[in-house]
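The values are calculated or read from the model by the stated rules, or taken from the named source; none is laboratory data. A quick note: this is a predicted structure, and the numbers were derived from the prediction, not measured. For neighbour counting, all protein chains shown are included, and Cβ atoms are generated from backbone atoms with ideal geometry for every residue, glycine included.
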Ligand SMILES: *Cc1c(COP(=O)(O)O)cnc(C)c1O
């Protein structure tokens, strides 16, 4: 498949190419390619400054970063997570034989519903991982009130949330720590990358050591560790893209507004909203298809878009609890996840970012409008 002819969800945003290549040349000249080199150090300090946190620890990806953060926090037994997230969130737990206990979502915010957390707490529960889905911040106050009262650790999967705020405070500054993904498809990318942000010195030190096999000095290993290091080229990509952060937000926002106006008055289709009082990265254009008001099903609309080479996606369909190994390990989890199942069956994520021009947005809106208003025909549905 020649993907250049397609409009995909998650095509990368890129900063200044010459600046990136210049940095790559400097890295090659220096022959310092990894092991906390100067570019990684600069990236970490720029991220920390941007967010206003004490520590930003760069890692090879967000999944490894979540695993390392969980270990450094001492999570074990059971940890409460939303089912409505990318499967990496529960996988990072299960990989360490910690049981992810799936919590239902709030259908308005798509985030974990704090009012449904407490019923899931057992004597084995050690923590909660909130996910700021689409970059819209979790109800951190309610989550942290429960965690304080029940003596649980809280961290956040902030993979979607770089550049976003909650209650005026930057995402990245909440909980014991937060983890960002800088994967190629994310708002800002390092090719592959993740960053843990936190203010606690001891915890930061432990995470740093764990990221580098537990080394605390030459020939000295003090902890069980793995290799979670970010390399210099990834950091060069991250730094370069970070310099373009405002341009990327502007493009995303323009596309988002164009989708909003292009899809107004299409019965049964609604574009999710971003609170204008917060900082937003507008990286996700998410629509919900209401099966009671739309003439065509969500899956029909996705098929129509795919037939036009527009690779829209059903996130996070069918919900982590319906994926393996969770479907087999926790076959009844869905009984407590009715909102997750309802919303996961409605969502479509549409292409945006620098690779999607305004004209493409208009075209996509017209295709959706026509598809959604057309009378359902069985022949089309086979
Ligand atoms: C992308 C993503 C991850 C995984 O990030 P990687 O950097 O690819 O490991 C984890 N959680 C969420 C919510 C994500 O969207």
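Against the numbered list (1) in contact (Cβ under 8 Å) with a residue 40 or more places away in the chain; (2) in contact with a helix residue (DSSP H, G or I) (Cβ under 7 Å, 6 or more places away or on another chain), residue 111 comes up short only at (1). Counting the residues of the stretch 161-172 that are more than 10 Å from the ligand (Cβ to nearest atom) and either assigned to a loop (DSSP other than H, G, I, E, B) or modelled with pLDDT under 95 (or both) gives 7.
Of all residues assigned to the stretch 180-196, none qualifies as being over 24 Å from residue 23 (Cα atoms), at pLDDT 95 or above and touching a helix residue (DSSP H, G or I) at 6+ places or on another chain (Cβ under 9 Å). One residue alone among 72, 58, 65 is crowded, with 23+ Cβ neighbours inside 10 Å and either without any contact (Cβ under 8 Å) to a residue 12 or more places away in the chain or more than 18 Å from the chain's Cα centre (by Cα) (or both), and that residue is 72.
What helices (runs of 4 or more DSSP H) completely inside the stretch 173-284 contain at least 1 residues that are touching a residue at least 24 places away in the same chain (Cβ under 8 Å), under 19 Å from residue 33 (Cβ atoms) and within 16 Å of the ligand (Cβ to nearest atom)?
201-211, 232-242
Considered as a group, the residues in the stretch 149-160 that are in contact (Cβ under 8 Å) with a residue 12 or more places away in the chain and out of contact with any strand residue (DSSP E or B) (no Cβ under 7 Å at 6 or more places or on another chain) include one that is farthest from the ligand (Cβ to nearest atom), and that residue is 150.
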